[in-house]
Amino acid sequence: LVVIRGGLFVLAVLLLLSALAGARTLARSDRLDVLRSTFVASVSHDLRTPIASIGLMAENMAHGYAAGSEARYVELIQAEAARLRRLVDDLLDFGRLERGLLPSLSRAPVDVAEWLDGVAARERARCAAKGAALSPETAGAPRRASIDAPALERAISNLVDNALKHG
């Protein structure tokens, strides 16, 4: 009888631990679902902006409203297309990470100061439009480095976006 009671007690403890582990897993799954939904909603919103800009600029060009500014419109359309490309790359990286894979990286040697100056110039314009200032520090940076420049620029752009939205 003592052995049966002991076995039942151990079984009850195991069942309780199993229930706690299941509840923890469900709570984690719910949090991941909320994060995934938030991410998809955010990306959907972020995709609409450049698509709307490209559509509006193309419509203006088609109706002749951009007369004399065609070069500037083409430049803006190219910038928005690059922005779309970055968003799609982010989505692809997210999908890889979700499957447990590392994002694809293609490293190449770059002059760090020159590359950072270019990134800073593009980001500085976005910051200025929002009334913010950007002043990157390059002291101590190596002269050359082997990096995936587009991926690193996307990461910097995302950090600037977050700072502008939440800073």
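The values are calculated or read from the model by the stated rules, or taken from the named source; none is laboratory data. This structure is a prediction, so every number in the text was calculated from the model and none was measured. Cβ coordinates were reconstructed from backbone atoms using ideal geometry, including for glycine residues, and neighbour counts include every protein chain displayed. The accessibility values were calculated without ligands, DNA or RNA, using every heavy atom of the protein model including side chains. Shrake-Rupley method; radii C 1.70, N 1.55, O 1.52, S 1.80 Å.
Numerical summary
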| item | result |
| --- | --- |
| Electrostatic dipole magnitude of segment 59-123 [Cβ: Lys, Arg +1; Asp, Glu -1; Cα centre; debye, to 20] | 240 |
| Computed label-point distance, nm, for sites Ala58 and Val3 using a 7 Å Cα→Cβ extension | 7.9 |
| Amide H contacts under 5 Å for Ile147, placed H, 5+ residues apart | Ala108, Val110 |
| Segment 80-167, dipole about Cα centre (Lys/Arg Cβ +1, Asp/Glu Cβ -1), debye to the nearest 20 | 100 |
| Check: the chain dipole with +1 on Lys, Arg Cβ and -1 on Asp, Glu Cβ, in debye | 680 |
| Correct option for Cα extents along the principal axes in Å [calculated from the coordinates] among (1) 96, 46, 31; (2) 75, 40, 31; (3) 41, 34, 32 | (1) |
| Rounded accessible area of Thr49 (nearest 10 Å², 1.4 Å probe) | 50 |
| Residue-by-residue Karplus 3J(HN,Hα) for segment 92-108, coefficients 6.51, -1.76, 1.60, Hz, glycine and proline x | 5, 4, 4, x, 5, 4, 5, 8, x, 9, 7, x, 6, 10, 10, 7, 8 |
| Top positive-direction residue, dipole computed over the chain with Cβ charges, set Ala129, Ala71, Ser18 | Ser18 |
| Cα gyration tensor, segment 110-150 - rounded (a/c under 1.5), prolate or oblate | prolate |
| Degrees separating the helix 112-129 axis from the principal Cα axis of the chain, which is the longest one | 90 |
| Solvent accessible area, Å² - His63, 1.4 Å probe, full protein context | 120 |
| Cα gyration tensor shape of segment 1-80, rounded if a/c is under 1.5, else prolate or oblate by comparing a/b with b/c | prolate |
